[in-house]
């Protein structure tokens, strides 16, 4: 016996898929409606009007959307795609992949607070790139399901991947772009406790990988970090107030741990680990040899690069987290180290590399020979240094540059820097080298010290020699020098800055590598001694502050796992990730903001910080250059604002398997890409747009709110041209067939454009043949030509060119008589053809069905909705180009074929809808709720809706009245139900568009609220008012008040009507014995 499952999967949730789903659910079948987008509605949701009636597309679609969403036997599986299909007719197993939307469908209320607070804007696909949307969004206001979706790039942005500490760079930049400086600061501090320090000294590898560099210049990421840190210092009260507010919110208290942890070294690695561990509840003590905490950040970086006050402020915050720092407390002996191991359950060694490497050349022991690290420490500790008038610095790294510039600031007249490397090979950062040259440091590249010349035990000069290479073929340090290239220079002081190393006195028990670093595991940072970890420069060798901070984080994770007896390495292996590419968008070139600095004169004789920081305006402008490569920046503002706790950033992809008896394919078509017709200038000229883009311009809910404007300057066009058959009836483009709908939708767009225009508008349609073969299509064409004055020109357009001064467009064409002409327009619309969906090839392979010669789904000649595989049906433009009425007809046909196939399983999987008990309103005086719709600008652009609402409130019997942007939307239906309950309403009046499409929708809504569905009345203030009186807003408003008053009077008189059921005779009469009658 064949197995029949009483469930159907409909793939594609446009108008065809929606209609098929509704028909099947009403026929007693469970329906799974699958669509790869986060909401249903398809292309019809993007259209302004439908031809030939000029009905509002959304007004026709919206009741069907809501009917689908509230039908208990239709399960909408949005954001999902088919992976695999097995089985046969009556018994298919379908494997689906549901993408994470990072929003809990059951919790989201559709309030839009998340979108309002999201700082990231990207181009809106629904608006065809004519407007921007947030990274958290819903497709359109009336979408079903009425929930939001967070879009994320599959890959992380390159800035975040490159940052050693994993700072959410895009996140804080997005917040800065919206003026949310406090939030940006807090986001940075989630990953680094030193935002101000890093803003000043970080070598910002993130900027090197910034995708913006491919267009103009990378973002000034470090400068933006510096800005928010400066902002935090200047607005401490605001941050303190925010912190107090957070403390008021009830949350689980931090569980204090009994384990004690010792950290040796108060540099970036040690303090970061201490901060992380303190925030985990551990008791942390930091032992620091110097009199001030900060390590090399304090003692090794000159004040002109880093403000000591900023550093002190950020260390204070670490101490406030519960970290105890003991200064002038060196661990210098084996005994002292052993005592620590006895008193503390874990130790993290982060002593850095704070000793200069020695240079062994003749004269290195002379008086006046100094070493870079020690020299900088003396400067930073305020000690007086005497260098003389001429100084030679040996070394080509960042320390050498700092030494050279610091020498200038203490009064040295001449500084010469000698390094083995060529100018291009110098290890110092390029911007540091450039600053040194600007301030007057003399560079002598590719020259190494041969001897330091002395006289009477004191330095008198430096002899150098030409270095021909620094490293050998294996990459080892092995400099080569050229003989007889020696030269000498008179100097008073030589400062050697050729590298630095750690001092291991007291740590002899810890295993040391041949490179004079502690031997620690690369992932866990565990040393050879259990419970002892090490990180920062003492493990990696001299590196950057951000790299040390990264190791501090890793050490904290390892120590926490160590105490919890967890595997130290599991899940922490570094996997190379591919970085996100730039999202598809038009990038407007803009130079990056230049950091304001002290003049050269202002720098002399002092250690004032050179960089002055961005202003708020500069920071916002620079942040807005971000391309948002990761789309969602994961700034978590949405999490903070969502009272329903619906945001789940850790949501993952789902694999779902469903059993169904049949599958209906209805995922429509793609629009032809007009960029392939280069002669028309699409993508090059802003005022050449596609027909679907023009639909969004016309739409009341679109980016221009129905105002016919052109994209380049938002001016109202006086002349618009439509070019037909773009990607249709075109053998060269690979689409030789007619797309069926283009003639009519161009005619409709021209008519609607004329209706929307505030002044005379010339509309010209360039066509080959007018194909008006649908019901009343020819009449519509004639009406457009004779009533509206749309001009049709039978010809072929050869090219479109732009006048760069005005952005106007010149169309060149050949008339039927063979004459070559050209005409200028403000706007050109390309009527693009319908092409097979990009998904059709993949889905046909998965389902084992055939395609026709044009890659549409192949159907049977006398069974037009049957594919080549039994049990799988198709409807709409997936089969061939067709209009909406034909798609709906085919959808019902596919549902009928499916019903026949699965008739034995009808009713086996459905649920009956349960309604609340009906409220008895007998004997009650009328308590009417009036809901008045703006319908975008369809009504609200003509009728003064707020004044109508106020008028309704004044009428007898009205207990509640409100205006709605879209009364037919899902969220407004919920508002109506809430109002009925809150205000004890016993009748409802809706003033919107036609009862023909909407009355059943609102009747169902009030029934769900407990009222009899017949206690409802509608006032048609669109078809009978705003449309016919669109040029007379004052009169239209008065008429709307009259219509509402009449509807209210009628509502006050209506009484509940009982419903009853009757048996259906299982017979049908078919009149007509032709092919249609026979098939029926």
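Rule-based calculations on the coordinates, nothing more; no lab input. Note that the structure is predicted; figures quoted are calculated from it, not measured. All Cβ positions, glycine included, derive from the backbone under ideal geometry; neighbour counts span all protein chains shown.
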Q: Provide Rg and Dmax in Å for region 973-1029, with only Cα atoms included in the calculation.
A: 12.0, 37
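Starting from the Kirkwood Rh over alpha-carbon pairs, what translational D in µm² s⁻¹ does region 673-834 have by Stokes-Einstein at 10 °C and 1.306 mPa s? Present the calculation step by step, with values, prior to reporting the outcome.
Numbers: Rh = 15.8 Å.
After rounding, the answer is 100 µm²/s.
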Q: Return one quarter of the surface area of the convex hull spanned by the alpha-carbon atoms of region 1-46, equal to its mean projected area, in nm².
A: 3.7 nm²
Q: Apply 1/(1 + (r/R0)^6) to the Cβ-Cβ distance of residue 233 and residue 111, taking R0 = 30 Å, and write down the FRET efficiency to the nearest 0.05.
A: 0.25
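For an R0 of 56 angstrom, estimate the FRET efficiency from the Cβ-Cβ distance between residue 982 and residue 132 and round to the nearest 0.05. Provide the component values of the computation, followed by the final result.
Details: r = 36 Å, r/R0 = 0.65.
Calculated value: 0.95.
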Q | Range of Cα positions in region 332-417 per principal axis (Å), largest first | A | 54, 29, 23
Q.
Output needed: percent of Cα pairs per 5 Å distance bin for region 283-332, bins running from 0 to the one holding the longest distance.
A. 5, 20, 27, 24, 16, 7, 1, 0
Q: For region 747-894, just the Cα atoms, rotate onto the principal axes and tell me the three extents in Å, largest first.
A: 57, 33, 33
Q.
How big is region 806-877 along each principal axis, measuring the range of its Cα positions in Å and listing the largest first?
A. 56, 30, 16
Q: Rank the residues 271, 985 as a footprinting-exposure proxy: fewest other Cβ atoms within 10 Å of their Cβ go first.
A: 985, 271
Q. What full-extension length gain, to one decimal in nm, is calculated for residue 1063 and residue 381 as 0.36 nm per residue of separation minus the Cα-Cα distance?
A. 235.8 nm
Q.
Could you work out the pair-distance distribution P(r) of region 355-499 from its alpha-carbon pairs, with 10 angstrom bin width and percents rounded to whole numbers?
A. 12, 44, 36, 8, 0
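Consider all pairwise Cα distances in region 928-1053 and report the whole-number % of them above 19 Å.
Details: 3091 of 7875 pairs.
So the pairs more than 19 Å apart make up 39 percent of the total in region 928-1053.
Would you please put 402-414, 767-779, 861-873 in order of how densely packed they are, using the mean number of other Cβ atoms within 10 angstrom per residue and starting with the highest? Before the final figure, lay out each step's value.
Details: 402-414: 21.2, 767-779: 14.5, 861-873: 18.1.
Going by the mean number of other Cβ atoms within 10 Å, highest first, we get 402-414, 861-873, 767-779.
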Q) Okay, helix-only estimate at 222 nm for the chain: each DSSP H run of n ≥ 4 adds -39500 (n - 2.57), divide by all residues, round to 500 deg cm²/dmol; what do you get? A) -9000 deg cm²/dmol
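Give the whole-number value, in cubic angstrom per residue, of the convex hull volume spanned by the C-alpha atoms of region 959-999. Walk me through the intermediate numbers first.
Values: hull volume 3.0 nm³, N = 41.
Convex hull volume per residue, Cα atoms: 73 Å³.
Report D for region 617-766 in µm² per second (integer): Stokes-Einstein, Kirkwood Rh on Cα pairs, 25 °C, 0.890 mPa s. Mind showing how you got there, number by number?
Working: Rh = 20.1 Å.
Once the numbers are plugged in, D ends up at 122 µm²/s.
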Q) Rounded to the nearest 0.05, what FRET efficiency is calculated for residue 332 and residue 360 with R0 set to 35 Å and r the Cβ-Cβ distance? A) 0.85
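Need the full-extension length gain, residue 582 to residue 523, defined as separation in residues times 0.36 nm minus the C-alpha distance. One decimal, nm. Walk me through the intermediate numbers first.
Working: separation 59, 0.36 × 59 = 21.24 nm, distance 3.13 nm.
Extending this stretch completely gives an extra 18.1 nm.
What number results when the radius of gyration of region 442-552, computed over Cα atoms, is divided by 2.2 N^0.38 Å? Before the final figure, lay out the partial values.
Details: Rg = 19.6 Å, N = 111, 2.2 N^0.38 = 13.2 Å.
Scaled against compact globular proteins, the figure is 1.49.
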Q.
Over all directions, how big on average is the projection of the convex hull of the alpha-carbon atoms in region 855-1000, in square nanometres?
A. 13.8 nm²
Q.
Show me, bin by bin at 5 Å from 0, the whole-percent P(r) of region 1-86 based on Cα pairs.
A. 3, 14, 24, 22, 16, 11, 6, 2, 1, 1, 0
Q: Take every Cα pair under 8 Å in the chain that's 6+ residues apart, average their separations, divide by the length, and report that relative contact order as a whole percent.
A: 14 percent
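Provide the packing ranking of 148-154, 308-314, i.e. peptides ordered by the mean count of other C-beta atoms within 10 Å per residue, highest first. Numbers along the way, then the final one.
Details: 148-154: 20.7, 308-314: 17.7.
In decreasing order of mean packing, 148-154, 308-314 become 148-154, 308-314.
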Q) Taking Rh as the Kirkwood radius, which is the inverse of the mean 1/r over Cα pairs, what is the Rg/Rh value for region 994-1058? A) 1.06
Q) Ranked from highest to lowest mean number of other Cβ atoms within 10 Å per residue, what is the order of the peptides 700-707, 648-655? A) 700-707, 648-655
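Taking neighbour Cβ counts within 10 Å as the exposure measure, how do 198, 1057 sort from fewest upward? Let's see the in-between values first.
Numbers: 198 28, 1057 10.
Neighbour counts put them in this order, fewest first: 1057, 198.
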Q. Can you sort 393, 575, 94 by how many other beta carbons sit within 10 Å, fewest first?
A. 575, 94, 393
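Normalized C-alpha radius of gyration of the chain, against 2.2 N^0.38 Å? Don't jump to the answer; show the numbers that get you there.
Numbers: Rg = 37.2 Å, N = 1080, 2.2 N^0.38 = 31.3 Å.
This ratio for the chain stands at 1.19.
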Q.
Using the Kirkwood formula on the Cα atoms of region 170-215, what hydrodynamic radius do you get, in angstrom to one decimal?
A. 11.7 Å
